[in-house]
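First the structure, in the form of structure tokens, and then the observations on it.
Read-outs throughout are calculated quantities, based only on the coordinates presented, and are distinct from any laboratory measurement. Keep in mind it's a predicted model, so treat the numbers as computed, not measured. Cβ: placed from backbone, ideal geometry, glycine included. Neighbour counts: every protein chain shown.
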Amino acid sequence: GQNIDQPTEMTATEGAIVQINCTYQTSGFNGLFWYQQHAGEAPTFLSYNVLDGLEEKGRFSSFLSRSKGYSYLLLKELQMKDSASYLCVALNQGGYQKVTFGTGTKLQVIP
Amino acid sequence: DTAVSQTPKYLVTQMGNDKSIKCEQNLGHDTMYWYKQDSKKFLKIMFSYNNKELIINETVPNRFSPKSPDKAHLNLHINSLELGDSAVYFCASSQDPANEKLFFGSGTQLSVL
């Protein structure tokens, strides 16, 4: 099975940088996703890490360390529209691969 | 054009009723899913279909019955609704079962009174 831990809530200031951490314990780990979910809306894909290291995509970057069971999502130059929940999602290897969602980190960006 | 569309967006009903939620995707994906998001915002997979074939069936009461008439559609029928069924239900699709980048519908908020 999978167990995923991430902070419940975070607050950061517009224009700043914020790092959302995620740790996971799993067997058959095969990769890690980050999704963004605005209140009342569907989750949308942000990033996918399979190998160790940092993947940069514009203002958002995601890091993975498989040996430490650790990932983070880095958001730079925060904007008010970045206020949302950020879901850490582990991909479990299997006959048909399954994902396990974390409960999400609710980020509030303040002026 | 909406990639994954589900209807209705809101569903309010009495305990004991039967209801259906419909989902369609126009992405040409082979795999579709139903997820349930509870009040704590925890997303949990319920079912997955690949090319109309059921491939994932998590521990879900048999009051919930998915139906996939073709690979672009996955509907969810719920019999004898209970208070605990109140949640947001998301339909999603992915290119294939091994590619779990998910595209979600906008969700159906079900309230059982």
Handout entry: Kirkwood-based shape ratio for the stretch B:1-74, expressed as Rg/Rh from alpha carbons
Key = 0.96
Handout entry: Farthest positive-ward along the protein assembly as shown dipole, Cα basis, beta-carbon charges - from A:GLN93, B:SER111, B:LEU27
Key = B:SER111
Practice task
Report the extension gain between B:SER111 and B:HIS73 in nm, rounded to one decimal, defined as 0.36 nm multiplied by the number of residues separating them, less their alpha carbon distance.
Solution key: 11.3 nm
Problem - Leading residue at positive end of dipole, the stretch A:25-80 (Cβ point charges), from A:GLN79, A:PHE60, A:GLN25 - result: A:GLN25
Practice task
For chain A, with a Gaussian network of springs between Cα atoms less than 10 Å apart, report the residue from A:GLU14, A:GLU56, A:GLU41 with the top mean-square fluctuation.
Solution key: A:GLU41
Practice task
Only residues of the stretch B:62-78 count here: report those whose backbone N is under 17 Å from the spot 7 Å along Cα→Cβ of B:ASP18, or say none.
Solution key: B:62-68, B:75-78
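Within 10 Å of each residue's Cβ, count the other Cβ atoms and sort A:MET10, B:MET15, B:MET32 from fewest upward.
Ranking A:MET10, B:MET15, B:MET32 by Cβ neighbours within 10 Å, fewest first, gives B:MET15, A:MET10, B:MET32.
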Problem - Sequence of A:THR11, B:THR108, B:THR13 once ranked by neighbouring C-beta atoms within 10 Å, starting from the fewest - result: A:THR11, B:THR13, B:THR108
Handout entry: Student exercise, chain A dipole from Lys, Arg, Asp, Glu Cβ charges, in Debye to nearest 20
Key = 200
Handout entry: Cα-based Kirkwood hydrodynamic radius, the stretch A:1-101, one decimal, Å
Key = 13.9
Problem - Long pairs among A:LYS76/B:LYS71; A:LYS81/B:LYS67; A:LYS57/A:LYS98; A:LYS68/B:LYS41; A:LYS68/B:LYS71, criterion Cα-Cα beyond 31 Å - result: A:LYS76/B:LYS71; A:LYS81/B:LYS67; A:LYS68/B:LYS71
Practice task
Shielding by partners for A:23-36, please: the mean number of other protein chain Cβ atoms within 10 Å of each residue's Cβ.
Solution key: 1
Fill in the blank from the handout: In Å³ per residue, the alpha-carbon convex hull of the stretch B:59-113 encloses 101
Exercise for the section: Using the Cα centre as the reference, give the magnitude of the dipole from point charges on the C-beta atoms of the protein assembly as shown (Lys, Arg: +1; Asp, Glu: -1; all else neutral), rounded to the nearest 20 debye. Expected result: 180
Practice task
Run the dipole for chain B about the Cα centre, Lys and Arg Cβ at +1, Asp and Glu Cβ at -1, nothing else charged, and hand back the magnitude in debye, nearest 20.
Solution key: 260
Handout entry: Centre separation in Å (Cα based) which lies between the stretch B:84-106 and the stretch A:3-51
Key = 17
Handout entry: Per-residue mean of C-beta atoms belonging to partner chains within 10 Å, peptide B:34-45
Key = 4
Handout entry: the protein assembly as shown - convex hull of the alpha-carbon atoms, volume per residue in Å³
Key = 123
Fill in the blank from the handout: By Cβ neighbour count within 10 Å, fewest first, B:ASP30, B:ASP70 rank B:ASP70, B:ASP30
Fill in the blank from the handout: Note: probe point = Cα of A:ALA39 + 7 Å toward Cβ; backbone nitrogen < 20 Å; residues of the stretch B:11-53 passing the test are B:11, B:37-43
